Amino acid sequence: MGAKKKKYAKGSGIAVEHRKGRVSAWLTKWRLPSGKRCGEFHATEELAKAHADSLNRAFTNHGSSSLEFTPKELSEWRAFRSLIGEGTSLDEVSSVWRQHAKFQDVQLGAMIKQFLVDYERTRPESTQGLAHLKPVMLWLETFFGSDKSVSALTLNDARNLFSNLPTGINATYSKIAYHKKVRQFFKYLENKEIIPKNRFALIEIPALTKADKEPKPILTIEETKSLFNSTASLAELKNRKEIIGRLALEAFTGMRHSTAGRIEGSSIDLDRKLISIKGGIDKKGSRYSINENAAEPNIWTWLKFSEPETWSMDYGQYVHAKRKAFERIGYITPKNPPKNVLRHSFATYHVSLYGSTDKTCNLLNHHGSPAILKAHYLQEGLSGPVAKAYFDILPPEVTGERD
């Protein structure tokens, strides 16, 4: 196993050896800048020497960093150096190459899965945060594909992603949430040194408009009473009690208008004082329930009055009936019926009554920021007694009121 007596550059560690008993018995070996020994076997002495000579030329001309490259890689980086300046040392070029080799071939789908696992493990209390994060990650993975290499994503890819937000993501707060969640994921990859740079953080987050910052419009107590009483007084109105019951779900539990319009009467158990919302009918896609301990007492009086066992309207019919109800009290807006004004009214009065955005968020099945909820719905001048009066509103048959 004697080494061939040819001298190569001092410090390179380059040598050629013959190893008996191997099919490819000729070994070219060399030393990396870190001191690590490397070797490659060849079938003939000529091939081993040719490799050693190539390594020696690279070492002589470019220094020890050149020994980290294959001849093909070295050729590619020489071409690269001719583009960025012949004065660039191969050590600098090799640093870039090491980063490139380090970050390639990590797939987006696998990293999203790992990100969600780590998020749940490190923040076990943040169930709402995880629920809000999952649809953003699903959109990201669907947009680029599970097999996409995360290190291959460019700034143009980031621009393209944020220019094509999912259908229905129109509100500025929703757009901001999508931007922040995507940034959060790529920052996670950057911190783990899976990508060299978070290019998605370079895309400007949408700015809130003046209208975005203003409190959401709500109904006054008198407007709320008028809405219900004007509908209840129309004895000839088909399904008037059902209309009132669905309006009450929005006004006194904060249920989304789309959910209140689709929920079946059989989902309301008055004996147990339990409202069960199926995942398929709610915007968030998750099943949840409202029980006696969570809801304000007046909702059960409203639901008993509305006779949910007789409900038969579909969503379209409810939307039409709701529009007419608001027209009767003169509450006409550019978007009539105002989709979530009753939900916003509930949120405002509820936060003002209890001062707990967390409690209100849970009732709303709302996965957004409690700070945003507080900013929108905790209006100045709305005292606890006024808020309590809102939840003391009862059906006209109970109070004897008529418009």
Chymotrypsin sites (Phe, Trp or Tyr not before Pro) within region 182-248, DSSP loop, no more than 11 other Cβ atoms inside 10 Å: none
Over 23 Å between C-alpha atoms is what I'm after, so list which of K216/K388; K273/K339; K113/K213; K181/K339 land there. K273/K339; K113/K213; K181/K339
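List the GluC sites (Glu not before Pro) within region 170-218 that fall in a DSSP loop (any state other than H, G, I, E or B) and whose Cβ has at most 11 other Cβ atoms within 10 Å.
Values: sites: E190, E193, E204; in loops: E193, E204.
Answer by residue number: E193, E204.
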List the lysines whose alpha-carbon lies under 21 Å from that of K10, not counting same-chain residues fewer than 8 positions away? K29, K36, K49
Using the count of nearby Cβ atoms within 10 Å as a rough guide to exposure, how do C361, C38 rank from fewest to most? C38, C361
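None of the figures in this text is laboratory data; all of them are computed from the coordinates on show. Just so you know, these numbers come straight off a predicted model, no measurement behind them. Every residue, glycine as well, gets a Cβ built from its backbone with ideal geometry; the counts of neighbours run over all protein chains shown.
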